[in-house]
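To keep things clear, I will list the structure first and then write my remarks on it.
The values are calculated or read from the model by the stated rules, or taken from the named source; none is laboratory data. Predicted model, so just to flag it, every value in this text is computed and none were measured. All Cβ positions, glycine included, derive from the backbone under ideal geometry; neighbour counts span all protein chains shown. Side chains included, ligands, DNA and RNA excluded: accessible areas come from the protein's heavy atoms. Shrake-Rupley method; radii C 1.70, N 1.55, O 1.52, S 1.80 Å.
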Amino acid sequence: QRRPRFLFIGSSKTPMPEIIDLLFSPDSHEGMNVTLTPVHRWTEWMIPGHGTVSILDARDADNSAESQIQEDLRREPADVVFFFDDGESNLNEPIAIPPGERKIIGLSLGSARRVTELEQAIDAQPSVRERLLTVVRITEKQSAETRRLMSLLAAELPNQAKIEMIRISRDRHAQLHVAQMLIKSTTAICAAIGAQPIPLADMPVLTTLQVLMVSGIMYISGRERSLRGATEF
């Protein structure tokens, strides 16, 4: 598994810590950790008590940064492209979205009417429309739209990035789904091991598998994995 990778494009002067706060709703900025890298490069944002995301912030990037952005995307492709509209960009011009199979999410920081205008602008471009997941208006932390966005990301991201996104989103349905898969898989393996004929020989293996299963469920729920915690549970 790995952390989710998001590409930010479009027009928005909102500082990154504020965007992280709006989208992923950490309790506060205190303790938020960022790995400093040059501008327009992949940057890791650790959301305390939730998880970590990688973001390439290419909003309002000039032509001189284009080659660096493309190089970073070739090395580590984005899972989802976020197109930001701060209400001031010209939607009559074609929306520049990097080519590829990446899904697109439109984020509007303007009025409800602006959301409709953004949807119409995207609908006018078939190549962009086919890859669009949704258009969301972000106005405040922990809004219904933000929770819907987090659930959508947990469902649409590649399998390698799902677990981290589920931890961040705290989507109860997704957490339950993955936990049940883990339980069923472990149960099947334990049943096969338990079929061997030597009494008690399978106990160390079964106990280890069960501890790993519990620690996995703890991790999915948002808690850190620990042998001590799983054993106590």
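Confirm whether Pro98 is in contact with a strand residue (DSSP E or B) (Cβ under 8 Å, 6 or more places away or on another chain), surrounded by fewer than 17 Cβ atoms within 10 Å (Cβ to Cβ) and of a type outside the set (Asp, Glu). So Pro98 fits the description; yes. Can you confirm whether Gly106 is part of a loop (DSSP other than H, G, I, E, B) and surrounded by 14 or more Cβ atoms within 10 Å (Cβ to Cβ)? Judged against the criteria, Gly106 is not a match.
Taking Pro204 as the residue in question, decide whether it is farther than 27 Å from Leu22 by Cα, open to solvent by 60 Å² or more (accessible area, probe 1.4 Å) and outside any helix (DSSP H, G or I).
No.
Taking the criterion of being part of a loop (DSSP other than H, G, I, E, B), among the aliphatic types (A, V, I, L, M) and modelled with pLDDT of 85 or more, the only residue of region 74-103 that qualifies is Ala78.
Scanning region 122-136 for residues that are touching a helix residue (DSSP H, G or I) at 6+ places or on another chain (Cβ under 9 Å), assigned to a helix (DSSP H, G or I) and touching a residue at least 12 places away in the same chain (Cβ under 8 Å) returns Ile122, Val128. If you go through region 189-201 and keep only what is farther than 20 Å from Thr231 by Cβ and either in contact with a Ser or Thr (Cβ under 8 Å, 6 or more places away or on another chain) or not in a loop (DSSP other than H, G, I, E, B) (or both), you end up with Ala191, Ala192, Gly194.
Entry remark, region 1-23: residues being open to solvent by 10 Å² or more (accessible area, probe 1.4 Å) and of a type outside the set (Gly, Ala, Ser) number 13 in total. Screening Met150 with (1) in contact with a helix residue (DSSP H, G or I) (Cβ under 9 Å, 6 or more places away or on another chain); (2) free of Cβ contacts under 8 Å to residues at least 60 places away in the same chain gives one miss only, at (2).
Considering only residues in region 137-169 that are within 16 Å of Val53 (Cα to Cα) and part of a loop (DSSP other than H, G, I, E, B), the one that is nearest to the chain's Cα centre (by Cα) turns out to be Leu157.
Among the candidates Ala155, Ala161, Ala192, Ala174, the residue that is open to solvent by less than 80 Å² (accessible area, probe 1.4 Å), without any contact (Cβ under 8 Å) to a residue 24 or more places away in the chain, under 22 Å from Glu76 (Cα atoms) and not polar (S, T, N, Q) is uniquely Ala155.
One residue is enough: does region 125-141 have a residue meeting the conditions out of contact with any Pro (no Cβ under 9 Å at 6 or more places or on another chain), open to solvent by 80 Å² or more (accessible area, probe 1.4 Å) and at pLDDT 85 or above? Scanning region 125-141 turns up no residue that is out of contact with any Pro (no Cβ under 9 Å at 6 or more places or on another chain), open to solvent by 80 Å² or more (accessible area, probe 1.4 Å) and at pLDDT 85 or above.
Counting the residues of region 96-121 that are among the β-branched types (Val, Ile, Thr) and in contact (Cβ under 8 Å) with a residue 40 or more places away in the chain gives 2.
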